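The values are calculated or read from the model by the stated rules, or taken from the named source; none is laboratory data. Keep in mind the model is a prediction, meaning the values are calculated, not measured. Virtual Cβ from ideal backbone geometry, glycine too; neighbours counted across all protein chains shown. With ligands, DNA and RNA removed, areas are computed over all heavy atoms of the protein, side chains included. Shrake-Rupley method; radii C 1.70, N 1.55, O 1.52, S 1.80 Å.
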Amino acid sequence: MEAPPVQYVQTSEGVSIAFCVAGEGVPLVRIPSMYGHFSLMWNRGVLDHEFRALSENFQAVLFDCRGQGSSTRGLSETTSLEDYVRDLELLVDHLALKRFVLLGVSAMAKIAVRYAVENPDRVIALILNQYRDAYRGTRTSLFETAKSDWPLHIQSDARLGWTWVNPETVVPVLSDSISQGDFLREYLAMSAASGDDMLTRLQVPVLVTTIREASSGRPIAGEEEAKRIAAIIPGARLIIFDDIYGGLNPDEQGVRPAIAAIQNLLAELPPEAQPAGTSPTSDGLSAREVEVLRLLAMGRSNAQIAEALVISPNTVNRHVSNIYAKTGSANRAEAATYASRHGFV
């Protein structure tokens, strides 16, 4: 499965943010690490295992931060954490996501923390994967190398932080993900202030995950940092995975521990905090069936619906059959009439 088509949303200042949407279910928005290029990382086998796992279990929203990947390059000297947070706000508003799971990775997870502090009503749960606060100097040596020798920095980061993939594969992808100048400005934006105060003010369910250093062979896996921040965050859960894939590879029972951990967290939320739209409507239609019905009523073909929702044609066929059965419709015209009468369009 290749990466879904790249889409764009533009900020008021003319910055284009590249994103894609894949899968169905509870929306999950993934904030990239300091190297963001979801299409390359998916298609070249760098993070395809993670992206496929997310899209098979959630409505996954992947995007490249400004200065990364297919988004607008060339960060200004004044780029700040606030700019990244506003970009995230723009994206989720553009996609009309009322509530969603927010997943932040590495130093860039500070964007997710800031957004969750400011918008607790929209964040169902916050997942902090290998979060490291750049302000605390956890990546200072790599930053200094990035300033003095960019190729060496890429090689070092590939060996230390991307151990599950051959360096010959990952180095070109990291190089294409971000320029030296944008990486340095990105780091400065993330390291301008401590994130600890924000962590203490989180009011949403939080899951902190990382990889056990002894089993991963990764000296910067951040096991101790994960324990530290989990202790700071009110009510946070901490899971340390023993494999280099961070719990994203299936176990002997075919379960991906990282995905199961997120699903368990959501399942244990009180009823009033459960993800909206995951229960059937009074008509018996699921949230996804309502989306399909609306597009059907607009005259879209099954192929067009599949493309719009980034799901397979077979999945659309199944949804349409369910819609017919639940609404008592014999064909598309009757289903469209039902949609109109019941206020779905």
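Rounded to the nearest whole angstrom, the semi-axes of the ellipsoid equivalent to region 20-120, taken from the Cα gyration tensor as √(5λ), stand at 20, 18, 11, largest first.
Rolling a 1.4 Å probe over the protein heavy atoms of the chain, with every protein chain left in place, gives an accessible area that is 49 percent carbon and sulfur. Between region 19-58 and region 288-345, how far is it from one alpha carbon centroid to the other, in angstrom? Region 19-58 and region 288-345 have Cα centres separated by 26 Å.
Here is the tail figure for the chain: Cα pairs spaced more than 35 Å apart come to 23 percent of all pairs.
Among 55-61, 324-330, 82-88, the peptide with the highest mean count of other Cβ atoms within 10 Å heads the list, and the full ranking is 55-61, 82-88, 324-330. Cα gyration tensor of region 21-65, axes a ≥ b ≥ c as square roots of the eigenvalues: rounded (a/c below 1.5), prolate (a/b > b/c) or oblate? It is oblate, given that a/c is not under 1.5 and a/b is not larger than b/c. Per residue, the chain exposes 42 Å² of accessible surface when a 1.4 Å probe is rolled over the protein heavy atoms with every protein chain present.
Ranking M41, Y8, A96 by how far each Cα lies toward the positive end of the dipole of the chain (charges on Cβ) leaves A96 at the top.
Considering just Cα atoms, how many Å³ per residue does the convex hull of region 93-229 enclose?
With only Cα atoms used, region 93-229 gives 125 Å³ per residue.
Over the chain, what is the relative contact order in whole percent, taking alpha-carbon pairs under 8 Å and six or more residues apart?
Numbers: 603 pairs, mean separation 53.1, N = 345.
Relative contact order comes out at 15 percent.
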